[in-house]
Amino acid sequence: MKTLEFPLLCNLDEMDLDTAVETYGQVFRVQEVNWPSEYPYAPLCAGRAARTEDSLMVDFRVSGLDLRVQNLSDKGRIWEDSACEFFVQVPGSEEYFNFEVNPAGRLVASRGTGRADRKPLDDEAFGSIVRICSVEGLPTLTEPVDYRGGIWNWRVMLIIPFAVLGLDEAPAALKGNIYKCGDLTAHPHFVTWSPVGTPAPDFHRPEFFGDFILE
């Protein structure tokens, strides 16, 4: 079982957010190719995990082929775009949360016990989740794009309040997984942080979640 620490950033009054996350965040790498015969491609995807007193922070950095952004509003089919995903579960709960984001910062966020019973989070929760995003060479993403080939570098940081997870304060631990996917990109891929042992790609499998330790 994989483990990832989320260090507490307690010095944000003294430095900007990017510097704090880069200096004190814990590195993770999304590099498990679980279905190599069907989906061998894996873009470089890594980042840093951290937390504040009231939020989780997941900072994705991606470099790889293709850039697909067809969904320019929340609650769309984000997983079909170039996408990063963060799934998290409060220990003792049968439900887990999925947060799926594209390079434009557009988000899918829902909760449930499995793939078939997802319930979208309400508008207040969506509005409370901060997304910080950039694409090298593209100042803004206001129109759909589907660049097939070429190397693209992009970044998305998600800041998710513990209140979105139904928590009043930071727990000692959570469970979850971190993913990189692009179902309809020119080079479809399904890469994970914690290995997933299913015959075909399936991210909605909490039995393969790793441990998130909150310092």
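Quick note: the coordinates plus some simple rules give every number you see, no bench work behind them. Computed from a predicted structure; not experimentally measured. Cβ placement follows ideal geometry from the backbone for every residue including glycine, while neighbour counts extend to all protein chains displayed.
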Q) What ranking, highest mean first, results for peptides 68-78, 111-121 when packing means the other Cβ atoms within 10 Å averaged over each residue? A) 68-78, 111-121
Q) How large is the dipole of the stretch 3-214 about the Cα centre if only Lys and Arg carry +1 and Asp and Glu carry -1, each at its Cβ, rounded to the nearest 20 debye? A) 600 debye
(Q) I'd like the distance between the alpha-carbon centres of the stretch 155-175 and the stretch 25-95, rounded to an integer number of Å. (A) 15 Å
Q: Cross-chain or 8 or more residues apart, Cα under 21 Å: how many lysine pairs in the chain fit that? Count them up, please.
A: 5
(Q) Can you give the FRET efficiency to the nearest 0.05 for ALA186 and LEU12, using r as the Cβ-Cβ distance and R₀ = 41 Å? (A) 0.55
**Q.** the stretch 106-215: C-alpha gyration tensor shape, a/c 1.5 cut-off, then a/b vs b/c
**A.** oblate
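What ranking do 101-107, 58-64 get when scored by the average of other Cβ atoms within 10 Å per residue, highest first?
In descending order of packing, they fall as 101-107, 58-64.
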